[in-house]
Structure formats: structure tokens, C-alpha cells
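To start, the structure itself, in C-alpha cells.
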Amino acid sequence: MHQRRVVVVVYSGAQALDIAGPIEVFDTANRMLPGTGVRYRTQFVSSDAPLVRTCSGMAIAAEPLDVGGGPIDTLLVPGGWGLKEALEDGGLVAWVGRAAARSRRVASVCGGAFLLAEAGLLTGRRATTHWAFCEEMAQRYPDVTVEREPIFVWDGRFVTSAGVSTGIDMALSLVEADHGAAFALEVARFLVLFFKRNGGQSQFSAVLDAQLADRAPIRTAQEWILDHLELPLPVAEIADRANMSLRNFARVFRREVGTPPAQYIEQMRIARARKLLETTDLPVAQIARRCGFPAPETFFRSFGRTLELTPNEYRQRFQTVSPAGHIVRAAPSDRSTV
């Protein structure tokens, strides 16, 4: 093998960083490899050739799809705001399916996983996509096991990455598979990147109150929970407030909200804790009490299990500080904050 041919499928409205991030990793690897190292050769193909505009307006010079014939080392499919139109392009979807059959491995970034799934390539496989679209992907492609937390997921010769910048993490993993961990670490150092990013993608997802249920007893119970998160909140007591038996309440709550009552309470407590860590300088022990955790240790375990970060690590990454150095306080009307 003299070169590793990387074929990137681009389309109008693709995300520029989905494309540029991985490609910069491969290019940097090429420049750092010793003389005998097998290098990457990148080729851009598109049904919109010769000049394809990404959703940010950046233009990419591409060749027609039929130029992408022959053996492929890595087929790379990005996401982007033009994904809806790309999914409706039957010729493009069919080409992705055929190209995948002659590829050693197939990779997607962000919403690019939808194109792989539309081509039938992820049936019976595990995959991920941007946190904001995981639920949509799971509903649209029920035969795909959608992993909501990982930065990227390997399943055989298919690797799918989460939102936007995670394509860089995935590309480093591809370089590691090709050239070893020590070399991939050197590439990451040169690019000033974490070789292995700490935590999953839930640390970046929006912290929002869950949608309120349609049925009044369950909706009322949700509202009461959100207003009293600092209390112990035994599920039996909440069921009594809803004038329902514990068994019936748990069954109806799960059907309407999509998660068991105890898990919902924990999710809302973590959501409030995240907001307090972002927008206040309260001690972690005090945040734990405000969010209803009986002890800081319980808070640390729950927070770590959910986000794969400690509360202090999360605060260091996401605390909102103004240019003047002041913590940006949350709006007092926001129920999820205090």
C-alpha cells in the first residue's frame, strides 16, 4: 500500500468543520510521518461538483461522484444544514451505499450518520450522531442502535462521530488505528488537541426542563418536582399528590414522560446542578443540597455517572464568565436554575 485513499462526500449545505476537521488531522499526520509511512490522499466528490458551497458559505472544489470509483480506504460522510436535501437525493444515497461496499472503512461526522443509515449501512449496528438529533435518528431508523453519549462509536468497519468537532476526535482514532497510539498522540499534541477527550457528549447538550406531559396529573407532578427539587421526593409521595396508586403512577409517568419517575427526578437535579455550576460560585456541597442530594458524595457519584466529569471539572469548562471576569448570573425567572 502506497497511499490511503480518503474519499469525502460533500454536498450543498454540508458543515465545513465536519469536513475540514478530519482532513486537517490526516494532513498533519502526512507531514509528521517518516519517509516510509503510508500517507493519506484526500479526494472530494459530489453530485454538486465542481464547486460546492458549505452551509457557512465556504466553497469546496469537488469532482463528480463517478470519479470516486475504485477501492477506497476511508469513505467520509459529513453532516450539515443541507442534510435534508441530501437525504432526498436518491442518487447520492445510492452512491454512498455502493461506495461503502468498496471501502475498507466508512466514517461519518455529525448528521452524516443519517446518510449512512438512509443507505441501509447501519442496520443492526450501533451508531451515534449530534446529541440534538439522536432521538430523531432513533425514531427514523429503528433498526439502528443509537448511542447518545459517546463522542464516536466503532462498529466493525463503520465509525460514526457525534457533533461537528468530534469528527476531529474520530480522525485521531483512525490515525491511531493506522499508525499506533504514540504517533496519534504526537499528531494531537501538534494540533493542540486532547488525544482522548474526557467525558461524553452529554456535557455539551442543552440543559432544558423536560417537556411537560399532556395528562394533568402527570404534568402537575412534574411541575411540583421542579419546584421542590431540594426535598427528598419519594416517588410514593408524588404518586399520592397525583391521586394515583404508586404502580399506576409509575406506569403512566413512564409512558408520558419517557423515563421512570426516579430517573426523571435525578435528571432534573443534575440539570439544576449544571446550571448552578455554570452561573454561580456556590460551593459544590451547597449546590448538592439545593439540588436535593442527601450528601456531596451522592452528588459526585450521580454527576460523574451522568456526565463522566466531576462537578469541579464541569465548572472549569463551562462556567459562564464575562469579559470583565464576572460570573454571568442566571435569570431569576428560570425555574431550572435555583
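On the given criteria, is residue 83 in contact with a Cys (Cβ under 9 Å, 6 or more places away or on another chain), modelled with pLDDT of 95 or more and either at positive phi or surrounded by 15 or more Cβ atoms within 10 Å (Cβ to Cβ) (or both)? Walk me through how you get there before you give the answer.
Values: in contact with a Cys (Cβ under 9 Å, 6 or more places away or on another chain): yes; modelled with pLDDT of 95 or more: yes; either at positive phi or surrounded by 15 or more Cβ atoms within 10 Å (Cβ to Cβ) (or both): yes.
For residue 83, the condition - in contact with a Cys (Cβ under 9 Å, 6 or more places away or on another chain), modelled with pLDDT of 95 or more and either at positive phi or surrounded by 15 or more Cβ atoms within 10 Å (Cβ to Cβ) (or both) - is met.
Return only the number of the condition from (1) closer than 24 Å to residue 154 by Cβ; (2) open to solvent by 10 Å² or more (accessible area, probe 1.4 Å); (3) out of contact with any His (no Cβ under 9 Å at 6 or more places or on another chain) that residue 77 does not satisfy.
Tallying (1) closer than 24 Å to residue 154 by Cβ; (2) open to solvent by 10 Å² or more (accessible area, probe 1.4 Å); (3) out of contact with any His (no Cβ under 9 Å at 6 or more places or on another chain), residue 77 fails exactly one: (2).
Go through (1) of a type in the set (Ser, Thr, Tyr); (2) part of a loop (DSSP other than H, G, I, E, B); (3) buried (at least 24 other Cβ atoms within 10 Å of the Cβ) for residue 123 and report which single condition fails.
(3)
Which one of these is surrounded by fewer than 17 Cβ atoms within 10 Å (Cβ to Cβ), of a type in the set (A, V, I, L, M, F, W, C) and modelled with pLDDT of 90 or more: 212, 231, 208, 174? Talk me through it step by step, then tell me what you get.
Working: 212 fails: modelled with pLDDT of 90 or more; 208 fails: modelled with pLDDT of 90 or more; 174 fails: surrounded by fewer than 17 Cβ atoms within 10 Å (Cβ to Cβ).
Sole residue among the options that is surrounded by fewer than 17 Cβ atoms within 10 Å (Cβ to Cβ), of a type in the set (A, V, I, L, M, F, W, C) and modelled with pLDDT of 90 or more: 231.
Out of (1) over 22 Å from residue 150 (Cα atoms); (2) surrounded by 19 or more Cβ atoms within 10 Å (Cβ to Cβ); (3) in contact with a helix residue (DSSP H, G or I) (Cβ under 8 Å, 6 or more places away or on another chain), what's the single condition that is false for residue 264?
Just one mismatch for residue 264, condition (1).
Of the numbered conditions (1) open to solvent by 20 Å² or more (accessible area, probe 1.4 Å); (2) closer than 22 Å to residue 225 by Cβ, residue 318 satisfies every one except a single condition; which is it?
Against the list (1) open to solvent by 20 Å² or more (accessible area, probe 1.4 Å); (2) closer than 22 Å to residue 225 by Cβ, residue 318 comes up short only on (2).
I need the full set of residues from segment 279-312 which are open to solvent by 20 Å² or more (accessible area, probe 1.4 Å), in contact (Cβ under 8 Å) with a residue 60 or more places away in the chain and either farther than 20 Å from residue 224 by Cβ or outside any loop (DSSP other than H, G, I, E, B) (or both), in order please.
Within segment 279-312, 290, 306, 308 qualify.
List pairs: first residue in segment 64-87 and without any contact (Cβ under 8 Å) to a residue 60 or more places away in the chain and under 20 Å from residue 54 (Cα atoms), second residue open to solvent by 20 Å² or more (accessible area, probe 1.4 Å) and among the charged types (D, E, K, R) anywhere in the structure, Cβ distance under 6 angstrom, at least six positions apart or on different chains.
87/118
For segment 177-205, enumerate the residues that are part of a helix (DSSP H, G or I) and at pLDDT below 80.
201, 202, 203, listed by residue number.
Just the residues that are buried (at least 19 other Cβ atoms within 10 Å of the Cβ), part of a loop (DSSP other than H, G, I, E, B) and in contact with a strand residue (DSSP E or B) (Cβ under 7 Å, 6 or more places away or on another chain), please, taken from segment 148-168.
Once the filter is applied, which keeps residues that are buried (at least 19 other Cβ atoms within 10 Å of the Cβ), part of a loop (DSSP other than H, G, I, E, B) and in contact with a strand residue (DSSP E or B) (Cβ under 7 Å, 6 or more places away or on another chain), segment 148-168 yields 151, 162.
The values are calculated or read from the model by the stated rules, or taken from the named source; none is laboratory data. Keep in mind that what you see is a predicted model, and the values were worked out from it rather than measured. In this analysis, Cβ positions are derived from the backbone assuming ideal geometry, glycine residues included, and neighbour counts consider all displayed protein chains. All accessible areas refer to the heavy atoms of the entire protein, side chains included, with ligands and DNA or RNA removed. Shrake-Rupley method; radii C 1.70, N 1.55, O 1.52, S 1.80 Å.
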